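Working notes, beginning with the structure itself.
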Amino acid sequence: MILGIDVGSTTTKMVLMEDSKIIWYKIEDIGVVIEEDILLKMVKEIEQKYPIDKIVATGYGRHKVSFADKIVPEVIALGKGANYFFNEADGVIDIGGQDTKVLKIDKNGKVVDFILSDKCAAGTGKFLEKALDILKIDKNEINKYKSDNIAKISSMCAVFAESEIISLLSKKVPKEGILMGVYESIINRVIPMTNRLKIQNIVFSGGVAKNKVLVEMFEKKLNKKLLIPKEPQIVCCVGAILV
Amino acid sequence: MMKLKAIEKLMQKFASRKEQLYKQKEEGRKVFGMFCAYVPIEIILAANAIPVGLCGGKNDTIPIAEEDLPRNLCPLIKSSYGFKKAKTCPYFEASDIVIGETTCEGKKKMFELMERLVPMHIMHLPHMKDEDSLKIWIKEVEKLKELVEKETGNKITEEKLKETVDKVNKVRELFYKLYELRKNKPAPIKGLDVLKLFQFAYLLDIDDTIGILEDLIEELEERVKKGEGYEGKRILITGCPMVAGNNKIVEIIEEVGGVVVGEESCTGTRFFENFVEGYSVEDIAKRYFKIPCACRFKNDERVENIKRLVKELDVDGVVYYTLQYCHTFNIEGAKVEEALKEEGIPIIRIETDYSESDREQLKTRLEAFIEMI
């Protein structure tokens, strides 16, 4: 059995696979700040239940897993993982905590081209998290907020967008409308990236893909369905095992 | 692999350059600071004066620069200005006069502020590449000659000019040889070593540069003969200059399994490509006029150059490097990307500044790129 560990910027994912089948997985709400001995303890616990032959690490904090047998760059892992869940995929959108990745992949899940958002938090999971903070909306209740009146958030910059949100709040614009505006600004940032890579069958991975309202808006704007696995947060981790 | 002796010598010469420069100054030689590969150093050398490159590559001097300059401006411009304002660069402080040129908007307007801190002379570099523009440029080089003569009190004779043209051409010839050697597989030298060579070539005494290059080529020929060198994905860097202090991208590339085999930049081919053919001021002007910088209008030669370098150096992938807010190179990147993709040459575009804050993200991207190609 191979254990994959994906230390992301905000969460850590663990997946156990045997012969290309997912046996077990877990998502921890702690990211790159996780201590190595805590990781090691977690691995020991899994080892009591399952025989682990090999450990593979990926993600922003992959170099923290010094006991891993293999380290895989997350872009490469993501392509492979997307291909595992959806054989027909030719592209991936991953909105993670740290950055947004858009990939073009071949039929074997090999990455042929990719774009990552630059030195900027706009359009990333962090941006959304920050907005939720200001709006005082619980992350777990996010799917309850929906509106047809989308507030316009014109700033592309996460820092400026923050003050824009505050000013909208002071104008008594309803929370859900502002949240929809935040979604729109994220989507508008990602769509040109997908256009640049000319991808059609797109897997949507990362935590943000769990947001049903955002996905619905995204699909409407793209005018097509996105391919979303049941657990979109483990795509990269699964891919790392399969590389 | 053993360290290259020539690179060790380079580091030693650089360490003692400050002292040497101030000694040369004491002997009565004038120092001309410059900001660009467009400044014809033959003219300066012919008057027994010393050219030194002043472009800033460090984050430390940016905060003081931002007291006067906007935050959203290229880090090279801010860092350069900051060095003068803080008086922390020995080369800047040694300069009797600084030569600027009308390359990009940012530099041009920054010079207007810098003029208050140090005597400056600005050369008009036309952005068009037609005959009329060349005429303007030739006149500018003639004006520079007059200025240098006035500042130094030395007449630039035909004989002196011939001597320095040959000398600077010698440097170019040696860099061509170095690039010839880098075509070998494995690559006989790391990109980080070559980058330092280019960076310090702007600062060192020209005779020292020639000596170091001659030693280096001998050593590299030996390595090639033995088949020694650096394996890894062969990377060509293209874009903005990486001046002394700014090694981030090359360090990351070579950390994640790449080896830089060429650099199409002012700290690269734009520094040495094309010889001065002839010994007149006009001949000198013509060579510099050809430098394919993105500040020029319709800079198609650059795209062709990149494609040629990819072939010659057997490059696996191109890293297009832009400093944040460098509009000229950033926009031209679209053309380069399109042209390379058409030929099936992998390219990744990186935009960064002098801070360390994005090192991990850059590593993620470059690691994936190198794995992909």
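Annotation: of all residues in segment B:329-373 being free of Cβ contacts under 8 Å to residues at least 40 places away in the same chain, facing chain A (nearest Cβ under 9 Å) and polar (S, T, N, Q), the one that is surrounded by the fewest Cβ atoms within 10 Å (Cβ to Cβ) is B:SER357.
Considering segment A:218-243, the residues that are touching an Asp or Glu at 6+ places or on another chain (Cβ under 7 Å) and part of a helix (DSSP H, G or I) include one that is farthest from A:ILE76 (Cα to Cα), namely A:CYS237.
Collect the residues in segment B:167-190 that are in contact with a Phe, Trp or Tyr (Cβ under 6 Å, 6 or more places away or on another chain), closer than 15 Å to B:ASP215 by Cα and open to solvent by 20 Å² or more (accessible area, probe 1.4 Å), keeping them in residue-number order. Selection gives nothing.
Residues of segment B:119-166 that are open to solvent by 20 Å² or more (accessible area, probe 1.4 Å), in a loop (DSSP other than H, G, I, E, B) and in contact with a strand residue (DSSP E or B) (Cβ under 9 Å, 6 or more places away or on another chain): B:PRO119, B:HIS124.
Whenever a residue of segment B:150-163 is touching a residue at least 24 places away in the same chain (Cβ under 8 Å), its partners that are open to solvent by 60 Å² or more (accessible area, probe 1.4 Å) and of a type outside the set (A, V, I, L, M, F, W, C), lying with C-beta atoms within less than 6 angstrom and at least six residues away or across chains, give the pairs B:GLU151/B:LYS30; B:THR152/B:LYS30; B:ASN154/B:ASN48; B:LEU161/B:TYR279; B:LYS162/B:TYR279. Remark: A:ILE134 falls outside the filter, which requires a residue to be part of a helix (DSSP H, G or I), open to solvent by 80 Å² or more (accessible area, probe 1.4 Å) and either within 11 Å of another protein chain (Cβ to nearest Cβ) or at pLDDT 85 or above (or both). Does segment B:315-328 contain any residue that is assigned to a helix (DSSP H, G or I) and either buried (at least 21 other Cβ atoms within 10 Å of the Cβ) or within 19 Å of the chain's Cα centre (by Cα) (or both)? Yes, segment B:315-328 has at least one match. Number of residues in segment A:200-243 that are of a type in the set (Val, Ile, Thr) and at pLDDT below 95: the value is 2. Tell me, which residue of segment A:137-152 that is assigned to a loop (DSSP other than H, G, I, E, B) and either of a type in the set (Lys, Arg) or open to solvent by 20 Å² or more (accessible area, probe 1.4 Å) (or both) is modelled with the lowest pLDDT? Step by step, filter segment A:137-152, then rank; the result is A:LYS152.
Looking for something surrounded by fewer than 20 Cβ atoms within 10 Å (Cβ to Cβ) and either of a type in the set (Ser, Thr, Tyr) or over 24 Å from A:ASP113 (Cβ atoms) (or both) - is there at least one such residue anywhere in segment A:197-208? No, there is no match, as no residue in segment A:197-208 is surrounded by fewer than 20 Cβ atoms within 10 Å (Cβ to Cβ) and either of a type in the set (Ser, Thr, Tyr) or over 24 Å from A:ASP113 (Cβ atoms) (or both).
Can you list the strands (runs of 3 or more DSSP E) found entirely within segment A:7-117 that contain at least 2 residues being on the phi < 0 side of the Ramachandran plot and open to solvent by 10 Å² or more (accessible area, probe 1.4 Å)?
Once the strands (runs of 3 or more DSSP E) in segment A:7-117 are filtered for at least 2 residues that are on the phi < 0 side of the Ramachandran plot and open to solvent by 10 Å² or more (accessible area, probe 1.4 Å), what remains is A:12-18, A:21-28, A:54-58, A:100-105, A:111-116.
Look at segment A:93-118: where a residue is more than 8 Å from chain B (Cβ to nearest Cβ) and in contact (Cβ under 8 Å) with a residue 12 or more places away in the chain and a partner is part of a loop (DSSP other than H, G, I, E, B) and open to solvent by 20 Å² or more (accessible area, probe 1.4 Å), sitting 6+ places away or on another chain with Cβ atoms under 6 Å, you get A:GLY97/A:SER9; A:GLY97/A:THR10.
The values are calculated or read from the model by the stated rules, or taken from the named source; none is laboratory data. Quantities reported herein were computed from a predicted structural model and do not represent experimental measurements. A quick note on method: Cβ atoms are made from the backbone with ideal geometry, for glycine too, and the neighbour counts reach across all protein chains shown. Just the protein is used for accessible areas: all its heavy atoms, side chains included, with ligands, DNA and RNA removed. Shrake-Rupley method; radii C 1.70, N 1.55, O 1.52, S 1.80 Å.
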